[in-house]
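Q: Here you go, one structure.
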Amino acid sequence: MNTSYLSLSPEVSQALQDKRPVVALESTIISHGMPYPQNVETALSVEQTIRDNGATPATIAIIGGRPTAGCTPDQIEYLGRQGQKVTKASRRDLPVLVAQHRDGATTVTTTMIIAHMAGIQVFATGGIGGVHRGAETTMDISADLEELAMTPVMVVCAGCKSILDIGLTLEYLETKGVPVIGFGTDELPAFYTRQSGFGVDYRLDTPAAVADAFRAQRAMNLQGGMLVTNPIPAEYQMDKAVIDQAIETAVAECNRLGIKGKETTPFLLAKVKELTGGDSLASNIQLVLSNARLAAHIARELATGLPA
Ligand code: PSU
Ligand code: MN
């Protein structure tokens, strides 16, 4: 692995050297996924949650053209304040951003790439990109799905939002050979709610069971990662009718305005938040904290457990 393009914070570097558990975190959720200052507060409390649960956090971004694992609080504050002004960086953006020494907020895709460069196996976030509604004509399918198919990093999330076509997203993941695990659930969670009406591939009930499956995937040299879906804690779940209505309105407005490409997901996320007041933001924050906790426990199992 050519690591001349990678910056690790001293803390992350030491944890990896000592083979202690590390959990990667993305930065598009900071700059494009939540408003300031809640984005920065959340990013810092997610890091604290990971520490409290016995692992080292590594917030990932591209800083001055350097893929960085382990952003400082100042860098997190900068990404949060800049918001949409920071380039949302997916796989196709990396070469030019690096060559031109620019900043980039990493999506699930680029966070997986940089985590893998660094040797980090577990990554916690809120939601992933997927197959958008209407993709049969727009072909809007997130690069996150292709990355899950090729890069050996486990992504712990709260399932899929129905801004996406959840059924088609699952079909795509099946075709690409990405295992979709339900943590303590048979049903794929739908981000703001615990149920989507779609089944997961496998229900696993403990961090150790998830770690075992990931180790087996590595031991067989199977390409690609694993999607671990963790339902939002019941007390923070939203009313399904309220959230469905907001998503329908947001999708209709997105189509009406002709928003396309990389702007689509941030537009939909911001619109849903606007339509549901602070409720969806509060739920979003809580589910990310819950995913961080689970990811820390899985990373600990991976660091201490026996090989498959
Ligand atoms: N879904 C969310 N919150 C997010 C994202 C998706 O609920 O913050 C962000 C993630 O960074 C994800 C990206 O990787 O959007 C997907 O963007 P696109 O659909 O353009 O691939
Ligand atoms: Mn897209």
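The values are calculated or read from the model by the stated rules, or taken from the named source; none is laboratory data. Predicted, not measured: the structure shown is a model, and the values here were computed from it. We place every Cβ from the backbone using ideal geometry, glycine too, and count neighbours over all the protein chains shown. Protein only, heavy atoms only, side chains kept; ligands, DNA and RNA dropped before computing areas. Shrake-Rupley method; radii C 1.70, N 1.55, O 1.52, S 1.80 Å.
Q: Collect the residues in the range 69-111 that are among the β-branched types (Val, Ile, Thr) and open to solvent by less than 20 Å² (accessible area, probe 1.4 Å), keeping them in residue-number order.
A: Result: ILE76, VAL86, THR106, THR107, VAL108, THR109, THR110, THR111.
Q: Being away from ligand 2 (no atom under 16 Å from the Cβ), touching a Ser or Thr at 6+ places or on another chain (Cβ under 7 Å) and at negative phi: is that true of VAL12 here?
A: Yes, satisfied.
Q: Same structure, new question: Test VAL288 against the criterion of being of a type in the set (Val, Ile, Thr), in contact with a strand residue (DSSP E or B) (Cβ under 9 Å, 6 or more places away or on another chain), assigned to a strand (DSSP E or B) and crowded, with 23+ Cβ neighbours inside 10 Å, and give yes or no.
A: Considered against the rule, which asks whether it is of a type in the set (Val, Ile, Thr), in contact with a strand residue (DSSP E or B) (Cβ under 9 Å, 6 or more places away or on another chain), assigned to a strand (DSSP E or B) and crowded, with 23+ Cβ neighbours inside 10 Å, VAL288 comes out as no.
Q: Same structure, new question: Among the residues of the range 112-131, what is the count of those that are more than 8 Å from the chain's Cα centre (by Cα), hydrophobic (A, V, I, L, M, F, W, C) and open to solvent by 10 Å² or more (accessible area, probe 1.4 Å)?
A: Matching residues across the range 112-131 total 3.
Q: Additional query: So ALA295 passes all but one of these: (1) open to solvent by less than 20 Å² (accessible area, probe 1.4 Å); (2) within 16 Å of ligand 2 (Cβ to nearest atom). Which condition number does it fail?
A: With respect to (1) open to solvent by less than 20 Å² (accessible area, probe 1.4 Å); (2) within 16 Å of ligand 2 (Cβ to nearest atom), ALA295 is out only on (2).
Q: Applying the selection to the range 90-111, what residues are over 19 Å from SER4 (Cβ atoms), touching a Lys or Arg at 6+ places or on another chain (Cβ under 9 Å) and of a type in the set (A, V, I, L, M, F, W, C)?
A: Once the filter is applied, which keeps residues that are over 19 Å from SER4 (Cβ atoms), touching a Lys or Arg at 6+ places or on another chain (Cβ under 9 Å) and of a type in the set (A, V, I, L, M, F, W, C), the range 90-111 yields only ALA105.
Q: Separate question: Search the range 252-269 for residues that are more than 14 Å from THR138 (Cβ to Cβ) and pair each with any residue that is within 14 Å of ligand 2 (Cβ to nearest atom) and not hydrophobic (A, V, I, L, M, F, W, C) when their beta-carbon atoms are under 8 Å apart and the residues are at least 6 apart or on different chains.
A: PRO266/HIS32; PRO266/LYS88; LEU269/HIS32
Q: So which of LEU222, LEU306 ends up being surrounded by fewer than 16 Cβ atoms within 10 Å (Cβ to Cβ), at pLDDT below 95 and away from ligand 2 (no atom under 16 Å from the Cβ)?
A: So the residue among LEU222, LEU306 that is surrounded by fewer than 16 Cβ atoms within 10 Å (Cβ to Cβ), at pLDDT below 95 and away from ligand 2 (no atom under 16 Å from the Cβ) is LEU306.
Q: List pairs: first residue in the range 161-188 and among the hydroxyl-bearing types (Ser, Thr, Tyr), second residue part of a helix (DSSP H, G or I) and buried (at least 21 other Cβ atoms within 10 Å of the Cβ) anywhere in the structure, Cβ distance under 6 angstrom, at least six positions apart or on different chains.
A: Cβ pairs passing all conditions: SER162/ILE247; TYR172/LEU145.
Q: Also: Might you let me know whether the range 192-208 holds any residue that is in contact (Cβ under 8 Å) with a residue 60 or more places away in the chain, open to solvent by 10 Å² or more (accessible area, probe 1.4 Å) and assigned to a helix (DSSP H, G or I)?
A: yes
Q: Is one or more of the residues making up the range 168-176 of a type in the set (Lys, Arg) and in a loop (DSSP other than H, G, I, E, B)?
A: Taking every residue of the range 168-176 in turn, at least one turns out to be of a type in the set (Lys, Arg) and in a loop (DSSP other than H, G, I, E, B).
Q: In the set ASP186, ASP165, which member is over 18 Å from the mean Cα position of the chain (by Cα) and at pLDDT 95 or above?
A: Just one listed residue meets the conditions, ASP186.
Q: State yes or no: is ILE259 outside any helix (DSSP H, G or I), surrounded by 14 or more Cβ atoms within 10 Å (Cβ to Cβ) and within 16 Å of ligand 2 (Cβ to nearest atom)?
A: Criteria met by ILE259.
Q: Let me ask something additional. Just checking, which of ILE243, ILE232 is assigned to a loop (DSSP other than H, G, I, E, B), within 16 Å of ligand 1 (Cβ to nearest atom) and closer than 30 Å to PRO35 by Cβ?
A: Numbers: ILE243 fails: assigned to a loop (DSSP other than H, G, I, E, B).
Residue meeting the stated conditions: ILE232.
Q: I need the full set of residues from the range 136-150 which are more than 7 Å from ligand 1 (Cβ to nearest atom) and open to solvent by 10 Å² or more (accessible area, probe 1.4 Å), in order please. If you could, list the steps in order and put the result at the bottom.
A: From the range 136-150, those more than 7 Å from ligand 1 (Cβ to nearest atom) are 136-141, 145-150; that's our starting set.
Of everything in the range 136-150, those that are more than 7 Å from ligand 1 (Cβ to nearest atom) and open to solvent by 10 Å² or more (accessible area, probe 1.4 Å) turn out to be GLU136, THR137, THR138, MET139, ASP140, ILE141, GLU146, ALA149, MET150.
Per-residue answers, yes or no, for (1) out of contact with any helix residue (DSSP H, G or I) (no Cβ under 9 Å at 6 or more places or on another chain); (2) not polar (S, T, N, Q):
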| residue | (1), (2) |
| --- | --- |
| VAL156 | no, yes |
| ASP165 | no, yes |
| GLY177 | no, yes |
| ALA190 | no, yes |
| SER196 | no, no |
| LEU204 | no, yes |
| ALA208 | no, yes |
| GLN217 | yes, no |
| ASN221 | yes, no |
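Q: Which number in (1) open to solvent by 10 Å² or more (accessible area, probe 1.4 Å); (2) of a type outside the set (Gly, Ala, Ser); (3) over 20 Å from ASN291 (Cα atoms) marks the one condition that THR185 misses?
A: (3)
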